[in-house]
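Notes to accompany the following structure.
Just so it is clear, none of the values below were taken in a lab; they were calculated from the coordinates. If you're wondering where the values come from, they're calculated on a predicted model, not measured in any experiment. We place every Cβ from the backbone using ideal geometry, glycine too, and count neighbours over all the protein chains shown.
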Amino acid sequence: MSEIREMLGGVSRQRASVIANQRNFPEPIAVLAMGKVWRKSDVEKWIKQHRPDSLAD
């Protein structure tokens, strides 16, 4: 989740969680004890489509 926070431009942990729980957010590829895991390319594609101003370089 911390990587997703950075990719979204440094949003709060709570905001990143809200975004990641949206129905149109990519499905995680795994759910581990430490939390959900997403494919980076899936998240980048979602950000480009839904939040292009948030994409961090």
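A DSSP coil position with no more than 16 other Cβ atoms inside 10 Å describes none of the GluC sites (Glu not before Pro) in region 1-54.
Of the trypsin sites (Lys or Arg not before Pro) found in the chain, those in coil by DSSP whose Cβ has at most 14 other Cβ atoms within 10 Å are ARG23, ARG39.
Label-to-label distance, LYS48 versus ALA30, with points set 7 angstrom from Cα along the beta-carbon direction: 2.5 nm.
Classify the chain from the C-alpha gyration tensor, please: rounded if a/c falls under 1.5, else prolate or oblate depending on whether a/b exceeds b/c. Taking the square roots of the gyration eigenvalues as a ≥ b ≥ c, the chain is prolate. When the helices of the chain are scored as -39500 (n - 2.57) per DSSP H run of n ≥ 4 and the total is divided over every residue, the value at 222 nm lands at -12000 deg cm²/dmol.
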